[in-house]
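The values are calculated or read from the model by the stated rules, or taken from the named source; none is laboratory data. If you're wondering where the values come from, they're calculated on a predicted model, not measured in any experiment. Because the Cβ atoms are built from the backbone with ideal geometry, glycine has one as well, and the counts that use them run over all protein chains shown. We work out accessible area using only protein heavy atoms, side chains counted, and drop any ligands, DNA or RNA first. Shrake-Rupley method; radii C 1.70, N 1.55, O 1.52, S 1.80 Å.
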Amino acid sequence: MRKKISIFLFLFCLIYLQGNAQTDSITISGMVSDFEGQPVDGALVEIKHSNFKTAYETLTDKKGHYRLRVSKGKYLALASLKMSEYPVAGSILPKDDQRLEFWAWNLIAEEDMLLNIKYHRLEVYGVNVFRVQGAHPGYTIYCRPMSLTRGFSEPDKDLDFVDLCPPPEELEVTVKINGSPVKVNMKEKVKEYVSNGICYAYLLHVDLPSEPVNKNYNIFHIEMTDLKNGDKGEAVCFKKKPDYQ
């Protein structure tokens with residue numbers, strides 16, 4: 001009798017723990033492709049802690065699909081790239097076949113999520129979204145677009161010391177909030193301080209979304225094209241809604 005009770009308790013605890021594990025985790029899945037919609041197989045999809053160390057990672061299958069089961073919470077970023085294409089990792093591919101990565105910043109993992117990813121030769125790095133108190137309604141987006149083709153145009157310089165950022169007249173920008181396009185009111189190229197001097201970034205101002213969603217955060221999707229050389233890139237940023245009293 002005691003043995004039956006022990007087995008019952010063991011099974012009960014196992015089911016309870018499995019149920020809690022499912023409640024405390026979510027699934028992030030999607031497809032990694034190029035900007036023509038062709039799937040990328042063997043692409044790394046990696047979620048990062050605040051110190052940039054890896055929290056979770058996986059590789060896409062032959063159809064470009066990926067799936068990650070992660071603990072609920074907020075993570076610094078999700079990044080994706082096929083590492084054999086990455087110049088910083090010493091890619092031996094021809095320069096025209098090398099690529100820069102996709103980023104999703106301030107990743108909020110509260111519920112199952114479909115996140116499709118595209119990347120090409122323009123990296124949209126370090127995205128931050130904020131509102132200026134008492135200013136014109138809308139969001140200000142800070143980001144650093146970096147064109148790989150511009151970097152390769154100065155072969156004698158380290159990529160860290162080349163202006164990879166297109167000028168405003170050569171940078172096309174589209175922004176969506178929660179999947180709906182918003183007007184880009186301003187794009188201003190600015191200097192960003194780095195330890196060995198400066199680099200360049202952008203301040204964008206966009207309208208508020210026309211239709212609010214029933215979530216405690218907004219998802220910003222930024223897509224950019226360098227009109228001079230055709231380099232493209234995109235990034236995503238999650239932004240908690242304010243909860244002021």
Just how far, in whole angstrom, is the range 67-110 from the range 173-191 if you go by their alpha carbon centroids?
-> 22
Could you tell me the largest-minus-smallest coordinate of the C-alpha atoms of the range 24-118 on each of the three principal axes, in descending order and whole angstroms?
-> 44, 28, 17
Using amide H atoms built 1.01 Å from N in the peptide plane, name the residues 5+ places from SER25, or on other chains, whose amide H lies under 5 Å from its own.
-> LYS72
Write down the accessible area per residue of the range 121-244 in Å², having rolled a 1.4 Å probe over the full set of protein chains.
-> 54
What full-extension length gain, to one decimal in nm, is calculated for GLU192 and LYS95 as 0.36 nm per residue of separation minus the Cα-Cα distance?
-> 32.2 nm
Please list 47-56, 117-126 highest first by mean number of surrounding beta-carbon atoms within 10 Å per residue.
-> 117-126, 47-56
Give me the percent of the accessible area of the range 24-118 that comes from carbon and sulfur atoms, probe 1.4 Å, all protein chains in place.
-> 50
Out of GLN38, GLN133, GLN98, a Gaussian network model of the chain with alpha-carbon springs under 10 Å gives the largest mean-square fluctuation to GLN133
Over the range 89-166, equivalent-ellipsoid semi-axes from the Cα gyration tensor in Å | 30, 19, 9
Please give the length that would be gained between LYS215 and GLU169 if that part of the chain were fully extended, namely 0.36 nm times their separation in residues minus their C-alpha to C-alpha distance (nm, one decimal).
-> 13.0 nm
When the Karplus curve 6.51 cos²θ - 1.76 cosθ + 1.60 is applied with θ = phi - 60°, which whole-Hz ³J(HN,Hα) does each residue of the range 43-52 get, with x for Gly and Pro?
-> 7, 6, 10, 9, 9, 10, 6, 5, 8, 6
Extent along principal axes [Cα atoms of the chain; Å; largest to smallest] = 80, 52, 36
Bin all alpha-carbon pair distances of the range 187-226 at 5 Å intervals from 0 and give each bin's fraction as a whole percent.
-> 6, 14, 19, 18, 15, 13, 9, 5, 2
Can you work out the base-10 log of I(q)/I(0) for the range 121-244 at q = 0.14, 0.20, 0.21 1/Å, using the Debye formula on its C-alpha atoms alone?
-> -0.62, -1.11, -1.20
Counting helices only, and only those DSSP H runs with n ≥ 4, report the 222 nm mean residue ellipticity of the chain as the sum of -39,500 (n - 2.57) divided by its residues, in deg cm²/dmol to the nearest 500.
-> -3500 deg cm²/dmol
Please give the solvent-accessible surface of HIS65 in Å², to the nearest 10, using a probe radius of 1.4 Å with every protein chain present.
-> 90
May I ask for the angle, rounded to the nearest 10°, between helix 2-23 and the longest principal axis of the chain, with both axes built from Cα atoms and the value confined to 0 to 90°?
-> 20
